[in-house]
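Reviewing the structure listed below.
The values are calculated or read from the model by the stated rules, or taken from the named source; none is laboratory data. Values in this document were obtained by computation on a predicted structure and should not be read as measured data. Cβ atoms come from the backbone with ideal geometry, glycine included; neighbour counts cover every protein chain shown.
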Amino acid sequence: MKNRAPDMSVSPPRRRSKYTVAPLVLVAGNVVLFGLFFVWPAVIGLVYSFTNYTGIGAFQFVGLDNYQNLFGDSIFYSALTRTLLYTVLFVPLNFVLSLLIANVLVSKHAKGVSVARVFFFIPWLLSPIVVGVLWRWLFGENFGLVNEVIEKLGGSAVPWQSNADLSLIVVVVAASWAWTGFSMLLFIAAIKNVPVSYYEAASLDGAGPWRQFISITLPSIAPTSFIVILLNTIHGMKEYPLFASLNNGGPGTSNNLLVQYIYQTGFKSGQIGYASAASFVLMLILMVVAIIQMMVNRRVENR
Amino acid sequence: MTNVGARRSRRLGRGGIRRLVPLAAVATAGALLLSACGSDSGSGGTSKSLTFWISTVPGQDAGWKKMVAQYKKEAGVDVKLVNVPYDGYDAKLRSAAQANSLPDVASVPKIDPIWANKLIDLGSIANNKSNKINGNFVAKDSSGKVLAIPSDVTASGMFINKSLFEKAGVDYPTSPDKTWTWTEFIKAADEVREKTNAKYSLTFDQSPSRLRAMVYEMGGKYVQADDSGKFSVDAATKKAVNTFVGWNDDKTMPKSVWTSGADPSAMFQSGDVVAYWSGVWQVAAYAESITKFEWASVPTPAQPVQASDVNSGGMTVGFNNNGDAAAAAEKFLSWLYEPAHYQALCEASGFLPVESGLNPKYPFKSEAAQAAFKLYNESIPLYDPVSGYFNTAQTSWALKGKTLTEDPTKVELGKAINGQQSADKALENIVAGYNQQLGGGS
């Protein structure tokens, strides 16, 4: 043993080399791709946001004009408000549904858990456009299955598409259906990591299932809950394809969301500079959401 | 060393990764929003291979497929046909022009100033007297260079559910010489709906072209520019647009088509809608797809103007990618517009020909489809000249470096039907959109 000590002092340089170069090599590919396809477009987008670039030809720097115009644009505020409303409806619904299903599926009394997991997860694998088409078949105002059933039962067709609020609710439900599987998987993994001994001790103390859920499960999975809320919030704020396929932002422009507004101004109207400014405002909003999440998460961890 | 490693590991384990995830997610979100769509086009062919972009509905690509296969057999040139979705086709062509990767040949909906200067002169084809190409639809620049030749001619048209009309015992005109007015048509369609318990009297494509056609027929000019290049609408247009908005009452017409993008064609094909205002290109598809009821094309209404919105179904262009490919593209198009080949294209694709003197024998088994083509071929010569205004104007705008990137008609009228604004306000906004994009000296 004594003889080994000097050897150890000689070998570290080789080890350091091995353990410092390998990770760099492994990470380099991702760093290059991330830089090329994410960082560079983001930087270019930021530059465009200070220009009058139309997507074609030369452009001029216009300073903060795009941002000034944006904050005076009622359509932008309307889209932002609708986006926030959608997110506020979608995130809690998705959270409750996925947590509920996860709890049921980790129960020792549950049967057919594997099949159920696949059943709930499949919608998440579908393209949002496919989800939109499926839900349009269900909630199409004119020939959708739900209205057909309502009319067959003697009721009147419900304006699922031509009423702005109903139209939004259909999208919220469709999005929750599609995203519940993903959140459910995260919750299942988190719940399974809670030591069984906690529940055993709680049972001995006479705590029922509801008390155990409130006092053990919820606090134990708090970090995962925050991740789920954050991911769903970011997803909600960026939603577009589901609206495009379900109601095209309608009726009229009532359900135009922020990303649709960015797409239309940028790619349809050729105002790339203006749309880039709107993109950056959206990114700043998302960053604020992320920072708040991190602060809350840290506080919960420190308790 | 070990301690440091453990400390790092613990830090990550206690929330480091969780802290990184949000930041990475946000960075990804922002970057994704700003990433432009890429172009995967292959182009810049040689004399032995060409790339040909089209954008068409199923059924109408049959002719193109047939012709490129025949050309491969006859000339040994491999023409790669790429069918691009219509939504975004303009944008894809623009991206390709910017990336210098335009196809060699394309069937385009309109000339775009972005790539207009890259077109090869098709004068030798258009001016070839044996081709008998209708010069009214050929796009030329001020020097007489032929930029594009239509692949076909299209027009808005009315489809009816013949079974429902017969069930209700309501008559409809069959000859363009004895057509009906919109008022008579709506009255008849409402009567059919009421007698047969159909859901709607009419579905109407969410399309500026279809609206233009209806406005023309009601005596309006829709949005046109005066000599100074300023756009406006006339009183007849206002009246027609107000009438159109009023029809969207969820009885005569479903609101959801113009307000939230419901599919009018699917509604008509369900068999529960009396009539459908669309275009001649639907005929090829309906010849096969509608089997649960009998349908028919009926003469377009005249109130009092007999008109439609007549367009080039597609404008065939060649791009000057390189010497070899440009020569090969022109040779291919020259071959394509030889009357025998062009007739074969029209027959297989169900095109109304831009060349006169042809007698296409469409391969439809459907009698309705055959009758529809006969009707359209009889109708088009009767249409008022206003019917071709927009088609000609588009080329004129493009040659002045302007383009109607986004026709505000759909959005503004969608808002009007949804009650967000009046029809008159919608027209004001549409005019403003035209003036913003095209106004001033056009």
Within the stretch B:48-58, does at least one residue satisfy the condition of being closer than 25 Å to B:Pro339 by Cβ and at pLDDT below 85? yes
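Go through B:Gly439, B:Gly433, B:Gly419 for me and flag whichever is within 13 Å of chain A (Cβ to nearest Cβ) and surrounded by fewer than 19 Cβ atoms within 10 Å (Cβ to Cβ). Write out each step before concluding.
On the way: B:Gly439 fails: within 13 Å of chain A (Cβ to nearest Cβ); B:Gly433 fails: surrounded by fewer than 19 Cβ atoms within 10 Å (Cβ to Cβ).
Sole residue among the options that is within 13 Å of chain A (Cβ to nearest Cβ) and surrounded by fewer than 19 Cβ atoms within 10 Å (Cβ to Cβ): B:Gly419.
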Residue, farthest from B:Leu413 (Cα to Cα), within the stretch B:224-271, restricted to residues that are facing another protein chain (nearest Cβ under 10 Å) and in a loop (DSSP other than H, G, I, E, B): B:Ser270
Which residue pairs have Cβ atoms closer than 9 Å, lie 6 or more positions apart in sequence or on different chains, and pair a first residue in the stretch B:206-232 that is among the aromatic types (Phe, Trp, Tyr) with a second residue that is surrounded by fewer than 21 Cβ atoms within 10 Å (Cβ to Cβ) and part of a loop (DSSP other than H, G, I, E, B)? B:Tyr216/B:Val305; B:Tyr216/B:Asp384; B:Tyr222/B:Asp234; B:Phe231/B:Gly439; B:Phe231/B:Ser442
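Tell me which residues, restricted to the stretch A:263-276, are more than 8 Å from chain B (Cβ to nearest Cβ) and over 22 Å from the mean Cα position of the chain (by Cα).
Restricting attention to the stretch A:263-276, the residues satisfying the condition of being more than 8 Å from chain B (Cβ to nearest Cβ) are A:263, A:265-266, A:271-275.
Correct list: A:Thr265, A:Gly266, A:Gln271, A:Ile272, A:Gly273, A:Tyr274.
Of A:Phe182, A:Phe243, which residue is assigned to a helix (DSSP H, G or I), within 14 Å of chain B (Cβ to nearest Cβ), buried (at least 22 other Cβ atoms within 10 Å of the Cβ) and in contact (Cβ under 8 Å) with a residue 40 or more places away in the chain? Can you show your working first?
Details: A:Phe182 fails: buried (at least 22 other Cβ atoms within 10 Å of the Cβ).
One residue alone meets the criteria, A:Phe243.
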Somewhere in the stretch A:206-223, is a residue within 20 Å of the chain's Cα centre (by Cα) and within 10 Å of another protein chain (Cβ to nearest Cβ)? yes
Positions within the stretch B:331-369 being under 22 Å from the mean Cα position of the chain (by Cα) and either surrounded by fewer than 17 Cβ atoms within 10 Å (Cβ to Cβ) or more than 28 Å from B:Leu50 (Cβ to Cβ) (or both), in sequence order: B:Ala369
Take the stretch A:139-170 and flag every residue that is more than 10 Å from every other protein chain (Cβ to nearest Cβ) and under 23 Å from A:Thr87 (Cβ atoms). A:Phe139, A:Asp165, A:Leu166, A:Leu168, A:Ile169, A:Val170
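Hey, can you tell me all the residues within the stretch A:285-302 that are among the hydrophobic types (A, V, I, L, M, F, W, C) and facing chain B (nearest Cβ under 9 Å)? Full working, then the answer.
From the stretch A:285-302, those among the hydrophobic types (A, V, I, L, M, F, W, C) are A:285-292, A:294-296, A:300; that's our starting set.
Answer for the stretch A:285-302, where residues must be among the hydrophobic types (A, V, I, L, M, F, W, C) and facing chain B (nearest Cβ under 9 Å): A:Leu286, A:Met287, A:Val289, A:Ala290, A:Ile291, A:Met294.
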Selected residue (criterion: nearest to B:Cys346 (Cα to Cα)) from residues of the stretch B:118-164 that are surrounded by fewer than 22 Cβ atoms within 10 Å (Cβ to Cβ) and charged (D, E, K, R): B:Lys132
In this structure, does A:Trp135 turn out to be within 14 Å of chain B (Cβ to nearest Cβ) and in contact (Cβ under 8 Å) with a residue 40 or more places away in the chain? yes
Please work out which residue is modelled with the lowest pLDDT, limiting yourself to the stretch B:286-319 and to residues that are within 21 Å of the chain's Cα centre (by Cα) and of a type in the set (Val, Ile, Thr). B:Val310
The conditions are (1) facing chain B (nearest Cβ under 8 Å); (2) under 24 Å from A:Leu85 (Cβ atoms), and A:Gln260 fails exactly one of them. Which is it? (1)
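Picking from B:Ala99, B:Ala106, which residue would you name as being of a type in the set (A, V, I, L, M, F, W, C) and either surrounded by 16 or more Cβ atoms within 10 Å (Cβ to Cβ) or under 19 Å from B:Ala329 (Cα atoms) (or both)?
On the way: B:Ala99 fails: either surrounded by 16 or more Cβ atoms within 10 Å (Cβ to Cβ) or under 19 Å from B:Ala329 (Cα atoms) (or both).
None of the other options fit; the residue is B:Ala106.
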Can you find a residue in the stretch B:397-411 that is free of Cβ contacts under 8 Å to residues at least 24 places away in the same chain and either surrounded by 21 or more Cβ atoms within 10 Å (Cβ to Cβ) or within 14 Å of another protein chain (Cβ to nearest Cβ) (or both)? yes
Going through A:Val96, A:Val118, A:Val171, A:Val130 one at a time, which residue ends up being of a type outside the set (S, T, N, Q) and more than 26 Å from A:Asn255 (Cα to Cα)? A:Val118
Within the stretch B:183-209, how many residues turn out to be over 24 Å from B:Phe293 (Cα atoms) and in contact with a strand residue (DSSP E or B) (Cβ under 9 Å, 6 or more places away or on another chain)? 2
